[in-house]
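Peer 1: I have a structure here, written as structure tokens, and I will follow up with some questions on it.
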Amino acid sequence: MPYQVFIETFGCQMNEYDTELVRSLLTKNGFVFTGDQSQADVVLMNTCAIRENAHNKVYGHLGECRVLKRERKVVVGVLGCMAQNLKKELMESDPVIDVLVGPDGYRQLPELLTRALEHQEKSLAVDLSEYETYEYILPDRGPGVNAWIAVMRGCDNFCSFCVVPYTRGRERSRTPEGILEEAQSLASRGYKQITLLGQNVNSYSSENWDFARLLTAVADIPGIERVRFTSPHPKDFPPSLLEAVAQHPRICRQIHLPLQAGNDRILDLMGRSYTRKDFLSLVEDIRRRGDIALSTDVICGFCSETDAEYLETYELLKALEFQAAYIFKYSERKHTIASRKYADDVPAQVKTERVARLIDLQKDISSKLNHRLIGQSVDVLIEGHAKKSRDQWMGHTESNVTVVWNKADSFTQPGNLVPVAVAEASASTLFGLRVASPLSLVCPD
Ligand code: 5AD
Ligand code: SF4
């Protein structure tokens, strides 16, 4: 009987992608996957380390594994960023863990799991590699509308708050041939939207290929309706990339542009390599090219951030009117520059208040922008049923806003790009009526 594996993924899209790589590597080596943890011989967690609450989720899950292990023999593996960040310390702190593998060690996973299953051997693989890109390992994913492709891995920016350079190592880009082959295979399997992924996706570079050229080449593949990318760094936006986003009919006119803070002293302490003014002029540059939706990330309560400095971030968010903003409380991470050089001295209560005020502000902005669309028609890629009802479809606009509407006919299906008339709006969702016929129909076979 093949060994059955249950895997749970925490964190970002890159982790979702890595889980698909792990599935592919294990399946090739005779393992099978189950969605039922109670049937599994192996329980894996692909973990995130970006903030403290990401760690806490995994500790909670390890508690469940302890109970499971008391009932029967099961091998427990911790994969990904938290494994890489805490290494031996994590393994030693919790005897429930049998195998610990960082983001560059997945090729060793079949062997390490077999040793744990057959010889009760504990082991870890946490060496970072300068070269591992998992080239030509086709991720194992079920059918769907959306797919991801990691085009580069690692990050060389060392923003002072961020653990990623320590958990995912140095930047390395895949070959354009490997990426385009993967994208073509996705198109031929009926995927309609591809998101190019990288910790620093726009610093992609391979011989004479830069990110703009790669993005355009993926969007040129017949069958792909929409291409997005995440997450870019504001320092790498040459005009060619902005032109590609503004001009190519299948590159979504939407950019996630992490700001992090709106005050120059804090940006400098964060090591972000741009000023408030640089950021503003990049946004102006983007908006000069037309209607391109922007979203952002902001950290509140970074080391020594004063009320006045926080207010500069608040005012900037208010002025720039992003379509969406992801607001985080600063969370000190082991190994980072900030953890070594600066005190995490903004009180927890102050961080919470700053986050809450920014979330309120952003809700008002998103709601205002969404309300402007009432009465208009938006093109939506249908992704599946709405969470709340199988009688409704759910999809996203090009600007990445969620749209929900009642199903009206029996031929429309996921993967169709359809116009939807917006009837109502909230801060997070547009509610629509379907109009006209589909812009494109996908052959069900
Ligand atoms: N604390 C809080 N937020 C963080 N991020 C990254 N590191 C931290 C941290 N230590 C946020 C940044 C980044 C997003 C993915 O997570 O805003 O853009
Ligand atoms: Fe972290 Fe900065 Fe790299 Fe983004 S660019 S992954 S925030 S170090």
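Peer 1: Would segment 3-16 turn up any residue that is open to solvent by 40 Å² or more (accessible area, probe 1.4 Å), in contact (Cβ under 8 Å) with a residue 12 or more places away in the chain and assigned to a helix (DSSP H, G or I)?
Peer 2: Yes, the conditions are met somewhere in segment 3-16.
Peer 1: Do you know which of the residues in segment 69-98 that are among the small types (Gly, Ala, Ser) and in a strand (DSSP E or B) is surrounded by the fewest Cβ atoms within 10 Å (Cβ to Cβ)?
Peer 2: Gly77
Peer 1: Among the residues of segment 170-180, is there at least one that is open to solvent by 10 Å² or more (accessible area, probe 1.4 Å) and in contact with a Leu (Cβ under 7 Å, 6 or more places away or on another chain)?
Peer 2: no
Peer 1: Being closer than 22 Å to Asn15 by Cα and assigned to a loop (DSSP other than H, G, I, E, B), is that true of even one residue in segment 201-208?
Peer 2: yes
Peer 1: Could you tell me whether segment 43-66 includes any residue that is surrounded by fewer than 18 Cβ atoms within 10 Å (Cβ to Cβ), under 19 Å from Gln120 (Cα atoms) and among the hydroxyl-bearing types (Ser, Thr, Tyr)?
Peer 2: no
Peer 1: Next question, about the same structure. Based on what the data block shows, is Gly395 more than 20 Å from the chain's Cα centre (by Cα) and at pLDDT 95 or above?
Peer 2: It is false that Gly395 is more than 20 Å from the chain's Cα centre (by Cα) and at pLDDT 95 or above.
Peer 1: To continue, here is another question. Would you confirm whether or not segment 46-62 contains a residue that is modelled with pLDDT of 95 or more and touching a strand residue (DSSP E or B) at 6+ places or on another chain (Cβ under 6 Å)?
Peer 2: yes
Peer 1: For Trp148, work out the one condition from (1) open to solvent by 10 Å² or more (accessible area, probe 1.4 Å); (2) away from ligand 1 (no atom under 16 Å from the Cβ); (3) not in a loop (DSSP other than H, G, I, E, B) it doesn't fulfil.
Peer 2: Evaluating Trp148 over (1) open to solvent by 10 Å² or more (accessible area, probe 1.4 Å); (2) away from ligand 1 (no atom under 16 Å from the Cβ); (3) not in a loop (DSSP other than H, G, I, E, B) leaves (2) as the failure.
Peer 1: Identify the single condition in (1) more than 16 Å from ligand 1 (Cβ to nearest atom); (2) open to solvent by 10 Å² or more (accessible area, probe 1.4 Å); (3) more than 19 Å from Asp364 (Cα to Cα); (4) in a helix (DSSP H, G or I) that Gly290 does not satisfy, given that it satisfies every other one.
Peer 2: (4)
For every residue, the table says whether it meets (1) over 21 Å from Tyr17 (Cα atoms); (2) touching a Pro at 6+ places or on another chain (Cβ under 8 Å).
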residue	(1), (2)
Arg66	yes, no
Gly80	no, yes
Leu86	yes, no
Val99	no, no
Asp104	no, no
Leu113	no, no
Tyr131	no, no
Ala150	no, no
Phe158	yes, yes
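Peer 1: Let me ask something additional. I'm checking my understanding of the structure. Among residues of segment 343-357 that are open to solvent by 50 Å² or more (accessible area, probe 1.4 Å) and in contact with a Phe, Trp or Tyr (Cβ under 8 Å, 6 or more places away or on another chain), which one is farthest from ligand 2 (Cβ to nearest atom)?
Peer 2: Among residues in segment 343-357 that are open to solvent by 50 Å² or more (accessible area, probe 1.4 Å) and in contact with a Phe, Trp or Tyr (Cβ under 8 Å, 6 or more places away or on another chain), the one farthest from ligand 2 (Cβ to nearest atom) is Arg357.
Peer 1: Further question: Taking the criterion of being in a helix (DSSP H, G or I) and within 15 Å of ligand 2 (Cβ to nearest atom), would at least one residue in segment 186-198 satisfy it?
Peer 2: no
Peer 1: Given the condition open to solvent by 10 Å² or more (accessible area, probe 1.4 Å), within 15 Å of ligand 2 (Cβ to nearest atom) and part of a strand (DSSP E or B), answer yes or no: does some residue in segment 127-140 qualify?
Peer 2: No, that holds for no residue.
Peer 1: Just one of the numbered conditions (1) of a type outside the set (Lys, Arg); (2) open to solvent by 40 Å² or more (accessible area, probe 1.4 Å); (3) part of a helix (DSSP H, G or I); (4) more than 16 Å from ligand 2 (Cβ to nearest atom) is not true of Pro222; which one?
Peer 2: Pro222 satisfies every listed condition except (3).
Peer 1: Related question: Just to be sure before I move on: is Asp156 modelled with pLDDT under 95, out of contact with any Leu (no Cβ under 9 Å at 6 or more places or on another chain) and either away from ligand 1 (no atom under 14 Å from the Cβ) or more than 24 Å from Tyr342 (Cβ to Cβ) (or both) in the structure I sent?
Peer 2: no
Peer 1: Tell me the residue from Arg23, Arg66 that is outside the structural domain of Pro165 (by TED's automatic domain parsing), farther than 18 Å from Asp98 by Cβ and of a type outside the set (Val, Ile, Thr), please.
Peer 2: The unique qualifying residue is Arg23.
Peer 1: Let me ask you something else. Condition test on Glu315, is it surrounded by fewer than 19 Cβ atoms within 10 Å (Cβ to Cβ) and either away from ligand 2 (no atom under 15 Å from the Cβ) or of a type in the set (A, V, I, L, M, F, W, C) (or both)?
Peer 2: yes
The values are calculated or read from the model by the stated rules, or taken from the named source; none is laboratory data. Everything numeric in this text was worked out from a predicted model, so none of it was measured. Neighbour counts run over all protein chains shown; Cβ positions are idealised from the backbone, glycine included. What goes into the accessible areas is simple: the full protein's heavy atoms, side chains included, and nothing from ligands, DNA or RNA. Shrake-Rupley method; radii C 1.70, N 1.55, O 1.52, S 1.80 Å.
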